[in-house]
Number of protein chains: 4
Amino acid sequence: MGMIGGGPGSFIGAIHYKAAMLDGLIDLVCGAFSSDPDKSKQKGQELYIPALRVHSSFNAMFEIEKALPSDERMDFVSIVTPNHLHFEPAKLALENGFHVVLDKPMTFDLQEAKELKVIAEKSSKYFCLTHTYLGYPMVKEARQLVLQGKLGKIRKIYVEYPQGWLSTSVEEKGNKQAKWRTDPSKSGMAGAMGDIGVHAFNLAEYVSGLQVTELCANLNIYGESRKLDDDGDVLLKFNNGATGVLFATQIAAGEENNIKIRVYGEKGGLEWQQKDANTLLLKSLDKPEENLRTGAGYLSSFAKHNTRTPPGHPEGYIEAFANHYRNFALCIKSKMNGEKPKQEWMDFPGIEDGVRGMAFIESVVKSNKAQKKWTPFEI
Amino acid sequence: MGMIGGGPGSFIGAIHYKAAMLDGLIDLVCGAFSSDPDKSKQKGQELYIPALRVHSSFNAMFEIEKALPSDERMDFVSIVTPNHLHFEPAKLALENGFHVVLDKPMTFDLQEAKELKVIAEKSSKYFCLTHTYLGYPMVKEARQLVLQGKLGKIRKIYVEYPQGWLSTSVEEKGNKQAKWRTDPSKSGMAGAMGDIGVHAFNLAEYVSGLQVTELCANLNIYGESRKLDDDGDVLLKFNNGATGVLFATQIAAGEENNIKIRVYGEKGGLEWQQKDANTLLLKSLDKPEENLRTGAGYLSSFAKHNTRTPPGHPEGYIEAFANHYRNFALCIKSKMNGEKPKQEWMDFPGIEDGVRGMAFIESVVKSNKAQKKWTPFEI
Amino acid sequence: MGMIGGGPGSFIGAIHYKAAMLDGLIDLVCGAFSSDPDKSKQKGQELYIPALRVHSSFNAMFEIEKALPSDERMDFVSIVTPNHLHFEPAKLALENGFHVVLDKPMTFDLQEAKELKVIAEKSSKYFCLTHTYLGYPMVKEARQLVLQGKLGKIRKIYVEYPQGWLSTSVEEKGNKQAKWRTDPSKSGMAGAMGDIGVHAFNLAEYVSGLQVTELCANLNIYGESRKLDDDGDVLLKFNNGATGVLFATQIAAGEENNIKIRVYGEKGGLEWQQKDANTLLLKSLDKPEENLRTGAGYLSSFAKHNTRTPPGHPEGYIEAFANHYRNFALCIKSKMNGEKPKQEWMDFPGIEDGVRGMAFIESVVKSNKAQKKWTPFEI
Amino acid sequence: MGMIGGGPGSFIGAIHYKAAMLDGLIDLVCGAFSSDPDKSKQKGQELYIPALRVHSSFNAMFEIEKALPSDERMDFVSIVTPNHLHFEPAKLALENGFHVVLDKPMTFDLQEAKELKVIAEKSSKYFCLTHTYLGYPMVKEARQLVLQGKLGKIRKIYVEYPQGWLSTSVEEKGNKQAKWRTDPSKSGMAGAMGDIGVHAFNLAEYVSGLQVTELCANLNIYGESRKLDDDGDVLLKFNNGATGVLFATQIAAGEENNIKIRVYGEKGGLEWQQKDANTLLLKSLDKPEENLRTGAGYLSSFAKHNTRTPPGHPEGYIEAFANHYRNFALCIKSKMNGEKPKQEWMDFPGIEDGVRGMAFIESVVKSNKAQKKWTPFEI
């Protein structure tokens, strides 16, 4: 693979790299790690990439890679830049015949997302949007339980994403992550909702297999002199009559990063949270609550395929991330071999998740400004 | 004390009785346990009450008790009937010179609540509304921490009350508790919101010391042929600029009764849930999260006063309930002795909680019907 | 009932009192609360006992009560004095025709215990030894699951009782509880083992239905100038070939009172701890772990009978204690009525638990001094 | 690096591989994955190793690698074979000038361990013994807190390692992991004690900074027709007067793999378990218990250095393993560069841990056979 972004000091770039390396299926062969040539070079050396394949412009990288023989050139590119720099390299990659891994949210705005969808579908290349949390084996199990009807018809979905790291104005004190995330020119029209609310939305739709149809949002700015929401609460309606609540906040002082989902149907419920990522609680009307655990023999093929260790050897965030890379690589490999990928391999988030995520961001911002209670979810 | 309601099969009546007995400060001397004379008699015998002081009408009970010498007659009455039978006996009790303990929600509607407030204030009698959860020592500690400024200015309040026992139509299968709670003629204009939403609301205002000013509600009926909400989600605005979310549901299949609150300020946060009632999580921006525990030496006088056992000897729901009775009795006793009650004794929910609770119910129902997003919280 | 001990400042006396009061089946009618007449009087007034029935000597109390008509005199006596004052009043009570509730450990030494057993068996009176933890509904459920064979043949038992309150020499700083517990003339031949180790031992035998046959103990004294063990670790062998570990400590700095048991058989395991007293974990070879919860419909009649509230309304330490009193009272009442008590009522700890508990203490102390690994458990 | 062992179906081989790959510091360049040439070849292909550098004998591998130019040949070898095949390749590697990573327990018996120590010390090569659990950042924090004196003088250490996977005779049903572990000719003189007891022992000495001086063990065989212990309980004495309990079992039906340690000193205690690996509980005499969390700013440099993600992004078993590889690689790299490695890098388990681990195994087996209570811990 090649990488765009992820220069010195990047958080998510390092995660993408480790996740890609973990299973020995992928090799990093080239990169445009930064638009600053020195920084890109520095990163390239750190990662033992030959200098010839380190660039400061993704255009250059595409040109050079394309010219290489097919068994040498990168098979796909991983794009880990801030939101405003997603669309252009993703478009170019697809148009130049490379599969794409892209960090979320997919684009700067919904318009870009819809364009990218057209391009991606035309390209017949694989496209993976790294909504990390869908990579956890117990999240996959949760979805399978819902699809199998274990909970009956779904009625309620509560999803939350509390963080506290923007409780004070760290963006003014040199925090690079905070800086671009609170800057509308880089982050887009939403702050917390674009950064983490979209994860919560995506998780809710993935686990439930449902789609949001209407929402009612209240977004807030608590940090002084901030321009984008750092907090928001949203009421949800789903396409089967279910309702729910989503909240995402970056000013819950003392909270870390505990995304959590609860889903209830006519016959039972389930609960998962990242803090206890290897456990899925399954609740029933008349039986004891069960603690389903990563690695156990009674799990679905989707959970098992995405696990590396026996029960009680905890896997975490990087492994969840790596599951997307592994599945993506397995799909590319089977394509190369002219084989049909397994359904477990194809279960990674893609272009449709990206479009719906951008529509969520725009709908939430629209609803926040509206006087009326319900705003339709529109793409 | 005397008791009105709590006949055979009553859940909350039995809890009130045990709570009142626990600390040896209170004796049950008379009762109108049921309007059915046989049932009232049966309960009276069970509780070893002399037959002469067992009635089938509360009017009769008040008449007879009033006529007794002051050292024999009951000092206060505990009213544990369904909602539509709260106002009348409470009014009569106050007008006849008895202190009153009343189960929540205070009345059938807000109008009654406001009338009762006038009567109570005129009477100069003590009035306790048994919002159970305010009786937990760690809930009292939470309030004290907020009042002391430990969290800084409050920004977010999340409060939730998930239950699952109305997931199916148990009210049609002989469940007495479900029957009256789903019947608008007994329960009032709300179902889940009146039964448990009002607890969540009350807890949020108590712990935060803030007041709701506007809300946006979505109430739902999932149980077939039900007339009242069995589920609802509410966005909240508070009088200091804080915002929040409240949800209460009785159709979260597999959930028991885990009321939970999280409050975040500029400097920290706290979290309490009934399932782990003897722990209060205190979160800070830069320090480790702390597990504050019932009975510990570092707690406030409010928490300590409401605890009977050393750390690690768990106290529960009945003890929380009993704290209201104990504090109420201590206040009456000090009044009898012409002494000023301690502030820790006076910290039980009263008439103002009742009025605000009824206003919450009416505001939520109003908001649910409204097209516009925000409905003012009005009394 | 009448009470011996429990004067001003007593911890366990207050617990006994509240536990006895909770369910309205028992009335306190007389007491010898302290050998100091003023203190006994003070306590009697606090508890609204007529002065005539308050004594400073239990002999006097027995004399006077015996002379009362049967419908006025106490039916049973509750003895809550330190260990060295257990045997004499218990013996007298039984010989004078009163049922007895006695705090653990049963006596000062094993010899007394064996004598008391003879007396109790001759008396045909009910005898309850308040090993609190056997009163928890989920502990009763644990025993029932083992007896039903849900775990298969038992192989391992781990039981532990960590406390930290004797980490420093609080007995020299006015802590009354610590003072007598660390004094061999009042506590007996063991400290931590007699105070809490015996609870752990009792819990292990009750839940497993097995009996200890050999043990290997290492007792320690960490508190300066202390004469009795404040800590101990014990290896156990049981009569079916199972083995296990018991530890009890009062110098685990920062620990509260979290007695915990784990039992494993050929087919599964279970885990219970007081900190989460309303949950029982049930583990299986091939199925998800289950969270059994107090109040649930799927529990045994033993667990259900000992529960007052629906699931999710936590019951605690006082309720567990109260279950012993309630069952004891129900047995006495059925005896009075010439009826046979239900098996659920008779499930409280008694004279045999007491004898085995004292034998445990003596065996542990003997083993601690021994050079050889295993010491037989002898009565 | 090169790898010895880890052929098709190996559990721990795959973990070593992923752990080594995770941080991009290490490349796998050669391997003797199996003594079966076909299997070794198969694994080599899977891992994209050139056929020339895939062997079926480690001797051959050492020969060929040695002959390569220094910038091509492997710098170190990772040995992941069963216990009876540890000594020979480790010895050869060191003697041929390669650094060594070796899976635990270090050797087949103590004699081999002591020989290997002499060889290692003579070689001046780096040697890492992969006691996984020492790689967790919160385990490192625990050690630092003890070393800083936060707990005061240590008094008690409880360490446990419960597993349930050998509850039935899976070694007879094709479970490869179980087969060699229950075979004395491959595993050595102990079963559970050698496999997991030694991890618990190692963790206890690492966190406490103390050394075991005497022990008293009871080992058991519950699996039918098994020759080695599948369960054992051990009392411990440490060189500062502290005492403790260690248990390790593989027949705790329903348990996964939850190694756990608790340490108490005069001023406080701490608790860590793998199931909640990113939390370290810190207990104090007079203050609330604290939840220390991976990634937090208040942690020591040792915890921080071994963490890849911000708080709330859970790291797990593979990351803990990878920390050893990363630190090992950083040390080798600094040696190559003639620099002094940082103390945080040198904090990986080595030859001394290995010798003490083997001495633990032999002492435990000896104690189990002894009649007398205490057996000295001898090397």
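Among what's in region C:139-155 and is in contact with a Lys or Arg (Cβ under 8 Å, 6 or more places away or on another chain) and at negative phi, pick the residue that is farthest from the other protein chains (Cβ to nearest Cβ).
C:K150
Just to check your reading of the model, which residue among B:N306, B:N368, B:N337 is free of Cβ contacts under 8 Å to residues at least 40 places away in the same chain, out of contact with any His (no Cβ under 9 Å at 6 or more places or on another chain) and either at negative phi or of a type in the set (S, T, Y) (or both)?
B:N337
Within region B:94-107, restricting attention to residues that are buried (at least 24 other Cβ atoms within 10 Å of the Cβ) and farther than 18 Å from B:R326 by Cα, which residue is farthest from the chain's Cα centre (by Cα)?
B:T107
Looking at (1) assigned to a loop (DSSP other than H, G, I, E, B); (2) over 18 Å from the mean Cα position of the chain (by Cα); (3) over 30 Å from B:K283 (Cβ atoms), which is the only condition B:G164 fails?
Looking at each condition in turn, B:G164 falls short on (3).
Out of all the residues in region C:209-231, which are more than 18 Å from D:G244 (Cβ to Cβ) and among the hydrophobic types (A, V, I, L, M, F, W, C)?
Selection gives C:L210, C:V212, C:L228.
Name every residue in region A:135-153 that is touching an Asp or Glu at 6+ places or on another chain (Cβ under 8 Å) and among the aliphatic types (A, V, I, L, M), in order of residue number.
The one that is touching an Asp or Glu at 6+ places or on another chain (Cβ under 8 Å) and among the aliphatic types (A, V, I, L, M): A:L151.
Is region B:326-349 home to any residue that is within 13 Å of chain C (Cβ to nearest Cβ), out of contact with any Cys (no Cβ under 8 Å at 6 or more places or on another chain) and acidic (D, E)?
There is no residue in region B:326-349 that is within 13 Å of chain C (Cβ to nearest Cβ), out of contact with any Cys (no Cβ under 8 Å at 6 or more places or on another chain) and acidic (D, E).
Which of the following residues is surrounded by 22 or more Cβ atoms within 10 Å (Cβ to Cβ) and either of a type in the set (K, R) or within 7 Å of another protein chain (Cβ to nearest Cβ) (or both): D:G265, D:G297?
Criteria check complete, one pass: D:G265.
Please determine whether any residue of region C:60-78 is crowded, with 20+ Cβ neighbours inside 10 Å and within 22 Å of C:D183 (Cβ to Cβ).
no
Go through the residues of region D:313-322 one by one and say whether even a single one is surrounded by fewer than 24 Cβ atoms within 10 Å (Cβ to Cβ), within 14 Å of chain A (Cβ to nearest Cβ) and more than 28 Å from A:N257 (Cα to Cα).
No, that holds for no residue.
Go through (1) away from chain A (no Cβ under 14 Å); (2) more than 15 Å from B:G135 (Cα to Cα); (3) in contact with a helix residue (DSSP H, G or I) (Cβ under 8 Å, 6 or more places away or on another chain) and name the single condition B:T249 misses.
For B:T249, the exception is condition (1).
Filtering region C:366-379 down to residues that are out of contact with any strand residue (DSSP E or B) (no Cβ under 7 Å at 6 or more places or on another chain) and away from chain D (no Cβ under 13 Å), which residue is farthest from C:N239 (Cα to Cα)?
C:I379
Tell me, which residue of region A:3-56 that is free of Cβ contacts under 8 Å to residues at least 24 places away in the same chain, within 14 Å of another protein chain (Cβ to nearest Cβ) and small (G, A, S) is nearest to A:N323 (Cα to Cα)?
Checked region A:3-56; the qualifying residue nearest to A:N323 (Cα to Cα) is A:G24.
Residues A:K237, A:K283, A:K287: which one is within 11 Å of chain B (Cβ to nearest Cβ), charged (D, E, K, R) and in contact with a Ser or Thr (Cβ under 7 Å, 6 or more places away or on another chain)?
A:K237
Please find, within region C:172-196, the residue that is surrounded by the fewest Cβ atoms within 10 Å (Cβ to Cβ) out of those that are in a helix (DSSP H, G or I) and polar (S, T, N, Q).
Ranking the candidates gives C:S185 first.
Find the residue count for region D:218-234, including only residues that are within 23 Å of the chain's Cα centre (by Cα) and away from every other protein chain (no Cβ under 12 Å).
Within region D:218-234, residues that are within 23 Å of the chain's Cα centre (by Cα) and away from every other protein chain (no Cβ under 12 Å) number 1.
Condition (residue is over 19 Å from the mean Cα position of the chain (by Cα) and of a type outside the set (F, W, Y)) applied to region A:83-91: is it met by at least one residue?
no
From the set of residues in region B:155-171 that are within 19 Å of B:G197 (Cα to Cα) and of a type in the set (A, V, I, L, M), which is surrounded by the fewest Cβ atoms within 10 Å (Cβ to Cβ)?
In this case the residue turns out to be B:I157.
If D:Y126 meets every condition in (1) surrounded by 18 or more Cβ atoms within 10 Å (Cβ to Cβ); (2) away from chain C (no Cβ under 12 Å); (3) out of contact with any strand residue (DSSP E or B) (no Cβ under 6 Å at 6 or more places or on another chain); (4) not acidic (D, E) apart from one, which number is that one?
Every condition holds for D:Y126 apart from (3).
Taking the stated definitions as given, is C:S363 crowded, with 21+ Cβ neighbours inside 10 Å and of a type in the set (S, T, Y)?
Yes: the conditions hold for C:S363.
Every residue in region D:224-248 that is surrounded by 24 or more Cβ atoms within 10 Å (Cβ to Cβ) and either on the phi > 0 side of the Ramachandran plot or not aliphatic (A, V, I, L, M) (or both), please.
Matches in region D:224-248: D:D229, D:D230, D:D231, D:G232, D:D233, D:G244, D:F247.
Can you pull out the residues in region A:197-217 that are surrounded by fewer than 24 Cβ atoms within 10 Å (Cβ to Cβ), more than 19 Å from A:N239 (Cβ to Cβ) and within 14 Å of chain B (Cβ to nearest Cβ)?
Residues satisfying the conditions do not exist here.
Report, ordered by the first and then the second residue, all pairs with beta carbons closer than 9 Å, sequence separation of six or more or different chains, a first member in region D:98-116 that is on the phi < 0 side of the Ramachandran plot and without any contact (Cβ under 8 Å) to a residue 60 or more places away in the chain, and a second member that is part of a helix (DSSP H, G or I) and β-branched (V, I, T).
As it stands, the answer is none, since no pair meets every condition given.
Taken together, the values in this text are just the output of simple stated rules run on the coordinates, not laboratory data. None of these values were measured; they are calculated from a predicted model. Cβ: placed from backbone, ideal geometry, glycine included. Neighbour counts: every protein chain shown.
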